[in-house]
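Here the structure is laid out as structure tokens; the discussion comes afterwards.
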Amino acid sequence: MTIFRCQDNCAERGYLYAGLEFGAECYCGHKIQAANVSEAECDMECKGERGSVCGGANRLSVYRLQLAQESARRYGSAVFRGCFRKPNNLSLALPVTAAMPNMSVDKCVDLCTEKEYPLAALAGTACHCGFPTTRFPLHEREDEQLCAQKCSAEEFESCGTPTYFIVYQTQVQDNRCMDRRFLPAKSKQLIALASFPGAGNTWARHLIELATGFYTGSYYFDGSLYNKGFKGERDHWRSGRTICIKTHESGQKEIEAFDAAILLIRNPYKALMAEFNRKYGGHIGFAAHAHWKGKEWPEFVRNYAPWWATHTLDWLKFGKKVLVVHFEDLKQDLFVQLGRMVGLLGVAVREDRLLCVESQKDGNFKRSGLRKLEYDPYTADMQKTISAYIKMVDAALKGRNLTGVPDDYYPR
């Protein structure tokens, strides 16, 4: 047991709190119903982490998990979306309403699932069902305390109020953005979706296909991606039938073959690990422990870290019309960043379709976090080298009056 391992497992399961006891036991929950005691009573060292405390005898060391992880909170199969103010024109925003005197999360989620709606909104003793739309976009979350009215049929869950709704996403698929096809006429320009390997290109393709309704292509052919639904994978990259073309290429000749590009950049520490996992474990798999501890990882970093920098530098230098998108910004503010990407592609997309994409954003292209490494694989020398490359890329971006790399790229 380590503190990180307990926190990570609780976060992956959608809980808000992680508690450690007896140096080796991990508990997860949404609430704390216990009295505070002196920190000195939590005196047991973590079994797998020297110098760290993992509770005590009948004493819990409790950690509140980061807000970014709260989006994964679940109630059964439903995903917690947050507390939101009642929308204007309620009957238009959420077209199905049912009175529920004995309200519970289960009952409202079950009703909306049965009616085939992806959103269940609890409003005290009323349950509303609908889609995320411009009338109810779920972009402005309120303090959860405003929704903290207990469910009449559930002691420990909040069911919202007539003014502030608790919203869950059901398992119903939002089909408003699932249709995809090839371009009806051959495109006059070739637009690249360029990234260093491991920077989220497959995920970005998924988002673009949902947002535009058109297939994306690839400079390569990957049968496993074709089988997962990327039908543009089989087309030659110059076919003109796809909305954009995935590429990891760098170098002047390859870059100048494209008329424009979306350049996706990701934190090199995360991108290198993601590509290492892909190389040894597949698109949503993991490298084995032996690969991380063997010669493969140091050799991989030595060869790939310089490429992370030169890839961005080459596209900035030789690209004809380059839109830079940071992977971290796309995750944090998908609606705005995807809108920018779609704008470069020249496709008019309704806001409701982008809202649909938000609710289907993960697809099947996200690794589970349950097998994350429990240690930092980067040595001090690796970090020193990578930090120099980060500064190089940051300077190049700012030199073109673009936003530099996000702050969390360094320091480590």
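The values are calculated or read from the model by the stated rules, or taken from the named source; none is laboratory data. No experiment lies behind these values; they were computed from the predicted model shown. Note that we place each Cβ from the backbone using ideal geometry, even for glycine, and neighbour counts take in every protein chain shown. For accessibility, only protein heavy atoms count, side chains too; no ligands or nucleic acids. Shrake-Rupley method; radii C 1.70, N 1.55, O 1.52, S 1.80 Å.
Among the residues making up segment 202-230, those that are touching a Ser or Thr at 6+ places or on another chain (Cβ under 9 Å) and among the polar types (S, T, N, Q) are Thr216, Ser218.
Whenever a residue of segment 297-317 is over 18 Å from Ala194 (Cβ atoms), its partners that are acidic (Asp, Glu), lying with C-beta atoms within less than 9 angstrom and at least six residues away or across chains, give the pairs Phe300/Glu275.
Of the residues contained in segment 67-84, none is found to be over 22 Å from Glu144 (Cβ atoms) and open to solvent by 50 Å² or more (accessible area, probe 1.4 Å).
A quick yes/no check of all residues on (1) closer than 28 Å to Glu155 by Cβ; (2) touching a residue at least 40 places away in the same chain (Cβ under 8 Å); (3) part of a strand (DSSP E or B):
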| site | (1), (2), (3) |
| --- | --- |
| Cys10 | yes, yes, no |
| Cys26 | yes, no, yes |
| Arg50 | no, no, yes |
| Phe80 | yes, yes, yes |
| Ala98 | yes, no, yes |
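Taking the criterion of being over 27 Å from the mean Cα position of the chain (by Cα) and either open to solvent by 90 Å² or more (accessible area, probe 1.4 Å) or of a type in the set (D, E, K, R) (or both), the only residue of segment 135-150 that qualifies is Lys150. Could you please let me know if Ala194 is over 30 Å from Leu138 (Cα atoms), among the hydrophobic types (A, V, I, L, M, F, W, C) and in contact with a strand residue (DSSP E or B) (Cβ under 9 Å, 6 or more places away or on another chain)? For Ala194, the condition - over 30 Å from Leu138 (Cα atoms), among the hydrophobic types (A, V, I, L, M, F, W, C) and in contact with a strand residue (DSSP E or B) (Cβ under 9 Å, 6 or more places away or on another chain) - is met.
Annotation: of all residues in segment 151-183 being at pLDDT 90 or above and among the charged types (D, E, K, R), the one that is most open to solvent (accessible area, probe 1.4 Å) is Arg181.
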